[in-house]
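In what follows, a single structure is set out as structure tokens and then discussed.
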Amino acid sequence: QQQVKQSPQSLIVQKGGIPIINCAYENTAFDYFPWYQQFPGKGPALLIAIRPDVSEKKEGRFTISFNKSAKQFSLHIMDSQPGDSATYFCAAMRAGGTSYGKLTFGQGTILTVHP
Amino acid sequence: EAEVAQSPRYKITEKSQAVAFWCDPISGHATLYWYRQILGQGPELLVQFQDESVVDDSQLPKDRFSAERLKGVDSTLKIQPAELGDSAMYLCASGTGGVYNEQFFGPGTRLTVL
């Protein structure tokens with residue numbers, strides 16, 4: 001029940017395309033859903049996050065869509081650029097509680113944006 | 001901009017040897033996390049600290065792994081003895097606190113066990 005399932009495993013788009021990465025969770029106690037971006041040899045960096053009281057959040061070219069009833073959320077990257085080529089991880093967390101701040105990560109999506 | 005520092009960045013060791021990793025969190029962050037990331041997978045939490053206290057070490061293989069954060073600031077993760085299956089990236093993160101506790105990751109230590 002702690003799993004977060006992420007798809008696809010890899011994704012290739014052309015510059016300007018809109019890659020979409022999907023995640024699904026089972027634990028209804030999760031109430032914070034961040035996305036991380038990781039470049040080779042680096043640690044993950046927080047990209048954008050959403051709470052379940054909203055259905056969409058935009059920050060620059062990055063948008064999270066959230067469907068609480070389906071227990072799914074997705075990341076959309078508008079006008080993708082070659083510099084967006086990285087591995088993207090979704091994650092879920094239960095705010096507060098005994099496992100305060102414990103992130104459960106998806107398996108990751110390797111995004112390649114061709115020029 | 002404040003960052004989480006980790007050292008060493010790379011470590012190669014032989015099976016059965018002892019290894020240690022160090023993490024210096026962002027100043028003022030009370031929560032500190034050690035994650036293990038196997039190549040091609042997402043990070044998995046090993047241990048979580050709140051100040052100097054362990055909050056969650058349920059996924060830490062305690063027969064060979066230990067972690068400490070004696071003064072509630074920097075932290076050390078030790079493996080003794082190292083096994084082939086321990087080869088992975090070891091990531092440290094520190095959190096801002098508050099309800100949603102945003103976590104910032106360091107660059108990681110890449111461990112290779114031969």
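The values are calculated or read from the model by the stated rules, or taken from the named source; none is laboratory data. No experiment lies behind these values; they were computed from the predicted model shown. All Cβ positions, glycine included, derive from the backbone under ideal geometry; neighbour counts span all protein chains shown. Protein only, heavy atoms only, side chains kept; ligands, DNA and RNA dropped before computing areas. Shrake-Rupley method; radii C 1.70, N 1.55, O 1.52, S 1.80 Å.
Couple of notes before you dig in:
- Test: B:Val47 is over 26 Å from A:Tyr88 (Cβ atoms), within 11 Å of chain A (Cβ to nearest Cβ) and outside any loop (DSSP other than H, G, I, E, B): no
- Test result for A:Leu111, more than 14 Å from every other protein chain (Cβ to nearest Cβ), in contact (Cβ under 8 Å) with a residue 12 or more places away in the chain, open to solvent by less than 30 Å² (accessible area, probe 1.4 Å) and under 14 Å from the mean Cα position of the chain (by Cα): yes
- Test: residue in region A:5-24 that is at negative phi, modelled with pLDDT under 95 and open to solvent by 20 Å² or more (accessible area, probe 1.4 Å): no
- Residue in region A:72-82 that is at pLDDT 95 or above, within 11 Å of chain B (Cβ to nearest Cβ) and over 16 Å from B:Leu45 (Cα atoms) present: no
- Criterion (open to solvent by 20 Å² or more (accessible area, probe 1.4 Å) and not in a loop (DSSP other than H, G, I, E, B)) met by exactly one of A:Thr28, A:Thr63, A:Thr87: A:Thr87
- On the stretch given as region B:58-92, residues that are over 22 Å from B:Ala18 (Cβ atoms) and either within 14 Å of another protein chain (Cβ to nearest Cβ) or touching a His at 6+ places or on another chain (Cβ under 9 Å) (or both) total 1.
- For region A:31-45, filtered to residues that are of a type in the set (A, V, I, L, M, F, W, C) and part of a strand (DSSP E or B), the residue that is farthest from the chain's Cα centre (by Cα) is A:Ala45.
- Residues (facing another protein chain (nearest Cβ under 8 Å) and closer than 14 Å to B:Phe49 by Cα) located in region B:93-107: B:Ala93, B:Gly95, B:Asn101, B:Gln103
- Residue within region B:39-56 that is open to solvent by 20 Å² or more (accessible area, probe 1.4 Å), modelled with pLDDT of 95 or more, within 22 Å of B:Ala82 (Cα to Cα) and of a type in the set (A, V, I, L, M, F, W, C) present: no
- For region B:1-36, the candidate set comprises residues that are in contact with a strand residue (DSSP E or B) (Cβ under 8 Å, 6 or more places away or on another chain) and of a type in the set (Asp, Glu); within that set, the residue that is nearest to the other protein chains (Cβ to nearest Cβ) is B:Glu3.
- Any hit, region B:65-81, residues being assigned to a loop (DSSP other than H, G, I, E, B), over 17 Å from B:Ala5 (Cα atoms) and not aliphatic (A, V, I, L, M): yes
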